[in-house]
Amino acid sequence: MKIMAPLLIVFIGGMLMAFQYYIDIPLLNNIYKGVLDWHMVIAVFALVIAVKSLIERQWKNFRQKTEHPVYPLTTLISFFTVVFLGIFFGLKQGSPVNFIYNNLLVPLQATIFSLLAFYISSAAYRAFRAKNFSSTVLLIAAMIVVMGRIPLGDLIATWTTISISGKDFAILDFPGWTRWILTVPNVGIKRAFIFGITLGIVSTSLKVILGIERGWLK
Amino acid sequence: MKLHRRLVYVLLLVFILVPMLFGLTFKVKPTKPVMTFFDSVAELSPGDYIAVTLSFDPSTKAELVPMLKALTEHVFAKGLSVIFLNPGSINVSDLGFSVISDIASKYGTIENSDWYYLGYVPGEKAVYQKLGEDLYSVYPASMHGVKLNSTKLYKDVRNMEDVKILIDLADGNSTVDLLTYLSTKYDVPMAAGVTAVMASEYYPYLESGQLKGLLGGLRGAAEYETLLNVSGRARRGMAAQTLAHILIMLLVLMGNIEYFMAKRKNG
């Protein structure tokens, strides 16, 4: 019973949701709406678990006197400060939480992400080498796309445009080459990936629904 | 001669700062995905409803806020009614609201009458599906607590099937999720604005017609500004991005010259 009950719930739930998508029956539609409501309620509980897990983990790290105890302490102090300010002063524009958001969180997140540009430029210089055929193809494609996505690429295409029997033809058409790379090889390969991944998801889901795959029970 | 990592950083900083300090701008030629995006909004009539989901974190604001600004300018200038919401990201609520309310005051549009900011609710994929069923079971009130059943929106829109187009500005997987769970199932036309690094992911959906248009990174925002005939942050930022790209290409070239010279020397 301990194994059969969850298997039965998954089978009935999975089948109902699959049929519901294709067959328009009011009863199934109502069940579907109910399941969506449950999903949202569970998502709220997941937030509670996430908060509990964060506090426990950071407190443990701090107590164990790791190499940098200041990091878990900073996380805990920041967390409780924002929760305290949020509960007692609200979240409206001009509130302390809003001030922290605009003057700490936004610039910090934007700064950390912007630092990527520096790492990319350094990595491009040190690691992006035409070592073999595959890396050479990658390098050429990357250079064309980089050139095709900046206004200089448009300018070069304009400068090198010649007219052949009344038709304009750009010798160095970086934007055109970029468009071709993005819409032909890129789309073909991405579609293959998407189909492959989707078929994998369908087969795994069917295995779970039919009770063939039972790893999740352990 | 090997360039030291710190020198590369300083060079990049100079290549980014100089065009910004001197206000350099380049002409940006709009591409087809941006033009179709623009046309999808431009062909709507005043009073039509559109929905804009903000699914990004402040970390990608450099690319996505210029898009949001250009799009908001366009929809407010056209007199469209807009539902802004961010079920895909909790972190963008205040940033999105302050950008939109600044532009709203410029056009004299009124919150909870001409536009609505619904904010965040947890549940992501379940929320996307519920939006196709009943908007008010997910969002009974706006982000600032105004009950939606007392607004014009409640009379005009029951669910996302009643909006003319759904636009997702994203730095994650939300566009695919919205396409899967909302756009395809409930037949809601959709367009997207995403970070440059993600843009190539969405070309299959663009080619299949599931996306009506696509803005890719700062370049996409700059193209949109060009079509709107405004000179915003994206067009100014393109000069810095252009020089940074040129520097990276030069660095790659130098790195490869060094590599082949060393290979030749070592036999």
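The values are calculated or read from the model by the stated rules, or taken from the named source; none is laboratory data. Computed from a prediction, not measured in an experiment: that's the story for all the values here. Note that each Cβ is placed from the backbone with ideal geometry, even for glycine, and that neighbours are counted across all protein chains shown.
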So B:PRO33, is it more than 24 Å from B:SER183 (Cα to Cα), touching a Gly at 6+ places or on another chain (Cβ under 8 Å) and buried (at least 19 other Cβ atoms within 10 Å of the Cβ): no
Qualifying residue in the range B:183-194 (condition: closer than 21 Å to A:SER114 by Cα and modelled with pLDDT of 95 or more): yes
Hits in the range B:48-68 (condition: more than 9 Å from chain A (Cβ to nearest Cβ) and farther than 15 Å from B:PHE84 by Cα): B:GLU63, B:PRO66
Subset of the range B:13-30 (residues that are surrounded by 12 or more Cβ atoms within 10 Å (Cβ to Cβ) and more than 14 Å from chain A (Cβ to nearest Cβ)): B:VAL18
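Considering every residue within the range B:3-11, establish whether at least one is of a type in the set (D, E, K, R) and outside the structural domain of B:LEU148 (by TED's automatic domain parsing).
From the range B:3-11, those of a type in the set (D, E, K, R) are B:5-6; that's our starting set.
Still in the running and outside the structural domain of B:LEU148 (by TED's automatic domain parsing): B:5-6.
Yes, there is a match, as at least one residue in the range B:3-11 is of a type in the set (D, E, K, R) and outside the structural domain of B:LEU148 (by TED's automatic domain parsing).
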The range A:191-218 residues that are without any contact (Cβ under 8 Å) to a residue 12 or more places away in the chain, paired with ones that are hydroxyl-bearing (Ser, Thr, Tyr) (beta carbon under 8 Å, 6 or more apart): A:GLU213/A:THR204
Pairs, first touching a residue at least 24 places away in the same chain (Cβ under 8 Å) in the range A:64-89, second surrounded by 13 or more Cβ atoms within 10 Å (Cβ to Cβ), C-beta under 9 Å, six or more apart: A:PHE79/A:LEU54; A:PHE79/A:ILE55; A:PHE79/A:GLN58
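State all residues of the range B:102-143 that are of a type in the set (S, T, N, Q), crowded, with 16+ Cβ neighbours inside 10 Å and either touching a His at 6+ places or on another chain (Cβ under 8 Å) or at negative phi (or both); if no residue qualifies, say none.
Residues of the range B:102-143 of a type in the set (S, T, N, Q): B:105, B:109, B:112-113, B:129, B:137, B:142.
In the following step, the residues that additionally are crowded, with 16+ Cβ neighbours inside 10 Å were identified as B:109, B:112, B:129, B:142.
B:THR109, B:GLN129, B:SER142 - these are the residues of the range B:102-143 that are of a type in the set (S, T, N, Q), crowded, with 16+ Cβ neighbours inside 10 Å and either touching a His at 6+ places or on another chain (Cβ under 8 Å) or at negative phi (or both).
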Given (1) hydroxyl-bearing (Ser, Thr, Tyr); (2) within 30 Å of B:ARG5 (Cα to Cα); (3) not in a helix (DSSP H, G or I), number of the condition A:THR66 does not satisfy: (2)
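Working carefully through the options B:LEU80, B:LEU71, B:LEU85, B:LEU95, find the one that is in contact with a Pro (Cβ under 6 Å, 6 or more places away or on another chain) and either among the hydrophobic types (A, V, I, L, M, F, W, C) or more than 9 Å from every other protein chain (Cβ to nearest Cβ) (or both). Don't jump to the end; show me each part of the working.
Numbers: B:LEU80 fails: in contact with a Pro (Cβ under 6 Å, 6 or more places away or on another chain); B:LEU71 fails: in contact with a Pro (Cβ under 6 Å, 6 or more places away or on another chain); B:LEU85 fails: in contact with a Pro (Cβ under 6 Å, 6 or more places away or on another chain).
Criteria check complete, one pass: B:LEU95.
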Strands (runs of 3 or more DSSP E) wholly inside the range B:20-137 that include at least 2 residues being among the small types (Gly, Ala, Ser) and farther than 29 Å from A:LEU152 by Cα: B:49-55
Filtered residue count, the range A:90-115, keeping only those that are loosely packed, with under 12 Cβ neighbours inside 10 Å and more than 8 Å from chain B (Cβ to nearest Cβ): 4
Filter result for the condition that a residue is modelled with pLDDT under 90, over 22 Å from B:PHE97 (Cβ atoms), in the same structural domain as A:ALA18 (by TED's automatic domain parsing) and part of a helix (DSSP H, G or I), over A:ALA43, A:ALA50: A:ALA43
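Looking only at the range A:36-47, decide whether some residue is under 25 Å from B:TYR120 (Cβ atoms) and either touching a residue at least 60 places away in the same chain (Cβ under 8 Å) or more than 14 Å from chain B (Cβ to nearest Cβ) (or both). Lay out the reasoning, then the answer.
In the first step, residues of the range A:36-47 are kept if they are under 25 Å from B:TYR120 (Cβ atoms); the result is A:36-47.
Those still in the list that are either touching a residue at least 60 places away in the same chain (Cβ under 8 Å) or more than 14 Å from chain B (Cβ to nearest Cβ) (or both) too: none.
No, the range A:36-47 has no match at all.
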Any pair with Cβ under 9 angstrom, 6 or more apart, that starts in the range B:255-266 at a residue that is under 12 Å from A:ALA130 (Cα atoms) and ends at one that is of a type in the set (Gly, Ala, Ser) and in a helix (DSSP H, G or I): B:GLY255/A:ALA124; B:GLY255/A:ALA127
